[in-house]
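**Student:** Dropping the structure in here first, questions after.
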Amino acid sequence: PHTRAQKRINTFVRGCVASLQFCNLLCKEGIKQHTGTGAELGEKVQNMEGTQQTEPESSVPVEPDAFVVAEAQIRTARRDVEVAEGKVKDAKSEVVAAEDKVAAAKVEVAAAEGKVAAAEGKIDDAEAAQDAAQVQLTAAMHAFQTCSTQEKSECEARLQAANTIFQRAQNRSTRALNAYNTANEGLQAAQQGLQAAQKYHDGLVDLINSLRAELATIRGRGGGGSEADKYAVSGDQNFPKRENFQAGVEFNLQLATERTKRDNKYGVKDTSALIVTQGAQSLVEAVWGRYNDDKSPICISGAPGTGKSCAATILAVAIASWQPSVKVFHLREYFAEGWGHIRAALSERSRAGQKSFVIVDQLKHDAEAYTVATALAHVCLVLIASANLPYFYTKRLGNNDDPTRYYYPFSGSVEDCAALARVSPSDVLVAPVVPNTFEQMLLVPVPRTDTPLSACMKWSNFHLLTVKRLTNPARPETGYDIQRDYVETIVESFSQSNSFYLLVYDMFMQSKVVIDGFEGESSDSSYFPRMKKMKTAKIPVNSSVRKHLDYRFVDESGLVLSPAILQALERALLDSPPPNGILSHADLNRANASARGFIIERQCLTQANLDRVAHSCMQHLNLNLLAVRQMEPIRFMFREIREVVAKVEAMRDKKDPVCLHCIPLKWNFRHIDALQIYTDFQEQSLIIGTQVTIQTAGDHGKSLDWNAEAETIAQLLQQPTVVLAFVAKRKESARVLRTNQQTASSWKEAKWHVVDIPVEYMVDTTTASTMGWVDPNNGIDGPDEKTRSLMVKVARAKKTKQAR
């Protein structure tokens, strides 16, 4: 019985071994590549069993099992990952400590700089005292040498007293100089300490980056996986549970996700630097609700710099952590090749009935949105864009592909801004109130260096990226740097859409902060679970207006997003030439008479045309300012005339020739459109007030009231010649401007000049043709191109009819 049992056991073992070998054979050959029939498989099994029966019963072959080896490799890789993660964690703690050292070193440098500045002030005071004592001593010595014999003793006493005062002042100056040298040495030592701390910090950052690369290598060791897996996001067991997910938590997880240049520039170099803002929490909650309602695609729009992309990264990890059976793909920035790999993987998973969740960020064109859009089953698609993409708002028939929208709020919370600025929310005693009227928003001060956080939040309307840029100690920026970026982007936007330019102009002319033509509540209002004191986004009914808006500067209801953006829009309109071809016949009907006048005005106020105005005035008045004309004009914007006065006074001390082109930041009731100042501060000066109009000079008699401001500037300069220059339509018979008695007398007594220059010759031929100023037979339909003088007279009294 024992022998028969042993034989049965051996036979069973041989069968198991044969089965294992056959499984290994299938693994090696590939099940998909095997084309044999069931009979062939049975024959292979019998052949293997026959081979086993020829071997001794006592020998049981031991072949390494691929699955056992793989499990061993997985265990080893997990240990390697744990070790690497430990190294990364340790390195990160050292980086935090190094950052504290850098911050402390910066404080020491600032304190040392303060001491040096104080020492410099004491040196200045001591040297001044020493100079005064020297003067007194010299006077006393002179008095002693010239005094009479009777006054000798008194003069000698005065001389000794002056000498004592001089010695004290000299000793004080010496002590101040020593203190300055000591403070300067302390500053140098503090700067060296800061450099050492910064170098140590940079070394640790390089170390942690190399450790992360090593960790990624360990995780991907052994190859395999499709191209789409490069964009797959894995969940994390340390990620907060659905019920515990809340704002204010720092995203302390190391995940292999793509970063962009802007991420690195503003300190979001890895996922451990992400913070769950209130906007991110609202986004995750909104998308989670729509995902459970089987909505797709989910279109997320909103201005740049609000935290959408960081929130999208958190969203990807949240879905992967809360739904382990769903494969999550995150394309940080859309490009065709990456989307192609993901799309192929989605097709396979959809056919297999496997769920997928896809986030595609940084869509810039409507064609990209249509390329990405898919109605595949078992796929939830999230599209993110700051651009105005009509796909996000186009309703479709049927339910296959009907986008649902979410507008990401522009403003962050006080807590979010404080977290980015690395200060405690309690330090912001009172949250600033952001104005919402035209005049108030334009007057919000532009932040400078070391501006308080509350002022930064007020100017930017709690815009997270702007707050980060203004408070970033590693890359300090001022509001003027940010404003310059805004203006450049707006001018580019205007060049791509003449209609947006005209819409913004019309908004400014009405002194509003919202573009007209919008009404109707959003159909997606039920998906705003945490909107904070903000009106529900409005969808414009007039789609022909909506498609021309740039959502980087206005929201979906046409409302300008912040005082910073309104100020940038104003500068882009007033200090930049209009878009090319805006007065072509295609756009002529869109521009009313006021808009056409404004466009002609901006064309005439370019640097080249202002130079032409100045040259015409100098020729007409026989002025010789050659040295000034050779200077590069300085162009700047001003809101009050005192800003021009301060600019002139600051330049007067340098004694160099000055050429200023000053553009007023004023929309209504301005007397002139540009103020031009040419002076050498010694012999001669020219002040030109330029008024551009598509009417005649006689229709703008109110511009003569500019005389008060002209007098303010004239008092600062040597031998000023003041000219009011009209760039206007010319009537040969109209050579007189009429005004009230006081203004007329002022111009006559000051012997100032009024001239007009034909506007027809200041614009290009296309614009002149559009305005009807070109006669096909005779060229420009206008008078002589030369500048001519106008007379200022008292307006005639209106005759009143006697009552019957």
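**Student:** I'm checking my understanding of the structure. Among residues of segment 496-522 that are part of a loop (DSSP other than H, G, I, E, B), at pLDDT below 85 and open to solvent by 50 Å² or more (accessible area, probe 1.4 Å), which one is nearest to Lys666 (Cα to Cα)?
**Tutor:** Asp516
**Student:** Looking at the structure I just gave you, is Tyr407 of a type in the set (Phe, Trp, Tyr), open to solvent by 10 Å² or more (accessible area, probe 1.4 Å) and either closer than 18 Å to Arg332 by Cβ or at pLDDT 85 or above (or both)?
**Tutor:** Taking the combined requirement at face value, the residue satisfies it.
**Student:** Here's another thing I want to ask about it. Check segment 323-344 and report whether any residue there is surrounded by fewer than 22 Cβ atoms within 10 Å (Cβ to Cβ), without any contact (Cβ under 8 Å) to a residue 12 or more places away in the chain and either of a type in the set (A, V, I, L, M) or closer than 23 Å to Glu556 by Cβ (or both).
**Tutor:** Checked against the condition, which is being surrounded by fewer than 22 Cβ atoms within 10 Å (Cβ to Cβ), without any contact (Cβ under 8 Å) to a residue 12 or more places away in the chain and either of a type in the set (A, V, I, L, M) or closer than 23 Å to Glu556 by Cβ (or both), segment 323-344 yields no hits at all.
**Student:** Can you name the residue in segment 158-175 that is under 19 Å from Ala143 (Cα atoms) and among the aliphatic types (A, V, I, L, M) and, of all such residues, is nearest to the chain's Cα centre (by Cα)?
**Tutor:** Of everything passing the filter in segment 158-175, Ile165 is nearest to the chain's Cα centre (by Cα).
**Student:** Here are the criteria: (1) surrounded by 19 or more Cβ atoms within 10 Å (Cβ to Cβ); (2) out of contact with any His (no Cβ under 8 Å at 6 or more places or on another chain); (3) modelled with pLDDT under 85; (4) farther than 16 Å from Gly701 by Cα. Tell me which single one Ser769 does not satisfy.
**Tutor:** It is condition (1) that Ser769 fails.
Residue-wise test of (1) among the polar types (S, T, N, Q); (2) surrounded by fewer than 18 Cβ atoms within 10 Å (Cβ to Cβ); (3) without any contact (Cβ under 8 Å) to a residue 12 or more places away in the chain.
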{"site": "Ala112", "(1), (2), (3)": "no, no, no"}
{"site": "Glu120", "(1), (2), (3)": "no, yes, no"}
{"site": "Ala128", "(1), (2), (3)": "no, yes, yes"}
{"site": "Ser153", "(1), (2), (3)": "yes, yes, yes"}
{"site": "Ala162", "(1), (2), (3)": "no, no, no"}
{"site": "Phe166", "(1), (2), (3)": "no, no, no"}
{"site": "Ala176", "(1), (2), (3)": "no, no, no"}
{"site": "Leu187", "(1), (2), (3)": "no, no, no"}
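**Student:** Here's another thing I want to ask about it. Would you point out the residue of segment 668-698, among those that are touching a Phe, Trp or Tyr at 6+ places or on another chain (Cβ under 6 Å) and modelled with pLDDT of 90 or more, that is nearest to Pro633 (Cα to Cα)?
**Tutor:** Per the stated criteria, the residue is Leu686.
**Student:** Which one of Ala614, Ala627, Ala646 is open to solvent by 40 Å² or more (accessible area, probe 1.4 Å), at pLDDT 90 or above and among the aliphatic types (A, V, I, L, M)?
**Tutor:** Going through Ala614, Ala627, Ala646 in turn, just one is open to solvent by 40 Å² or more (accessible area, probe 1.4 Å), at pLDDT 90 or above and among the aliphatic types (A, V, I, L, M): Ala646.
**Student:** On to the next question. Select from segment 65-104 the residues that are modelled with pLDDT of 75 or more and open to solvent by less than 60 Å² (accessible area, probe 1.4 Å) and write down the one among them that is nearest to Thr182 (Cα to Cα).
**Tutor:** Ala104
**Student:** Of the numbered conditions (1) touching a residue at least 12 places away in the same chain (Cβ under 8 Å); (2) open to solvent by 20 Å² or more (accessible area, probe 1.4 Å); (3) of a type in the set (Gly, Ala, Ser); (4) not in a loop (DSSP other than H, G, I, E, B), Ala728 satisfies every one except a single condition; which is it?
**Tutor:** All conditions are met except number (2).
**Student:** If a residue must be of a type in the set (Ser, Thr, Tyr) and at pLDDT 85 or above, how many such residues does segment 707-737 contain?
**Tutor:** Counting residues in segment 707-737 that are of a type in the set (Ser, Thr, Tyr) and at pLDDT 85 or above gives 2.
**Student:** Are there any pairs with C-beta distances below 6 angstrom linking a residue in segment 378-405 that is more than 19 Å from Tyr291 (Cα to Cα) to a residue that is of a type in the set (A, V, I, L, M) and at pLDDT below 90, with the two at least 6 apart or on different chains, and if so which?
**Tutor:** Asn388/Leu549; Leu389/Ala369; Tyr391/Ala369
**Student:** What are the residues in segment 351-367 that are open to solvent by 40 Å² or more (accessible area, probe 1.4 Å) and either charged (D, E, K, R) or closer than 16 Å to Phe335 by Cβ (or both), if any?
**Tutor:** Arg351, Lys355, Gln362, Lys364, His365, Asp366, Ala367, listed by residue number.
**Student:** Let me ask something additional. Give me the pairs: first residue in segment 554-570 and at positive phi, second residue part of a helix (DSSP H, G or I) and surrounded by fewer than 22 Cβ atoms within 10 Å (Cβ to Cβ), beta-carbon distance under 7 Å, and six or more apart or on different chains, which are they?
**Tutor:** none
**Student:** Can you say whether Ala431 is more than 27 Å from Arg546 (Cα to Cα), in contact (Cβ under 8 Å) with a residue 60 or more places away in the chain and surrounded by fewer than 16 Cβ atoms within 10 Å (Cβ to Cβ), as far as the supplied structure shows?
**Tutor:** When the stated conditions are applied, Ala431 does not pass them.
One line per residue, one yes/no per condition, for (1) assigned to a helix (DSSP H, G or I); (2) modelled with pLDDT of 90 or more; (3) touching a strand residue (DSSP E or B) at 6+ places or on another chain (Cβ under 7 Å); (4) among the hydrophobic types (A, V, I, L, M, F, W, C):
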{"residue": "Met637", "(1), (2), (3), (4)": "no, yes, yes, yes"}
{"residue": "Ile663", "(1), (2), (3), (4)": "no, yes, yes, yes"}
{"residue": "Lys666", "(1), (2), (3), (4)": "no, no, no, no"}
{"residue": "His700", "(1), (2), (3), (4)": "yes, no, yes, no"}
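**Student:** As an exercise: evaluate Phe462 against (1) touching a Leu at 6+ places or on another chain (Cβ under 9 Å); (2) crowded, with 18+ Cβ neighbours inside 10 Å; (3) not in a helix (DSSP H, G or I) and give the number of the one condition it does not meet.
**Tutor:** So Phe462 meets the others, but not (1).
**Student:** When the residues of segment 678-698 are filtered to those that are part of a strand (DSSP E or B) and farther than 27 Å from Lys654 by Cα, which remaining residue is most open to solvent (accessible area, probe 1.4 Å)?
**Tutor:** Looking at residues that are part of a strand (DSSP E or B) and farther than 27 Å from Lys654 by Cα, I get Gln695.
**Student:** Could you please find all residues in segment 435-458 being open to solvent by 40 Å² or more (accessible area, probe 1.4 Å) and part of a loop (DSSP other than H, G, I, E, B)?
**Tutor:** Answer for segment 435-458, where residues must be open to solvent by 40 Å² or more (accessible area, probe 1.4 Å) and part of a loop (DSSP other than H, G, I, E, B): Asn436, Thr437, Leu443, Pro445, Arg448, Thr449, Asp450, Pro452.
**Student:** Restrict the check to segment 348-358 and report whether at least one residue is within 29 Å of the chain's Cα centre (by Cα), in a strand (DSSP E or B) and under 27 Å from Phe500 (Cβ atoms).
**Tutor:** no
The values are calculated or read from the model by the stated rules, or taken from the named source; none is laboratory data. Fair warning: this is a prediction, and the values are worked out from it, not measured in the lab. Heads up, the Cβs are rebuilt from the backbone with ideal geometry, glycines too, and the neighbour counts pull from every protein chain shown. Quick note on the areas: whole protein, heavy atoms, side chains included, nothing else; ligands and nucleic acids left out. Shrake-Rupley method; radii C 1.70, N 1.55, O 1.52, S 1.80 Å.
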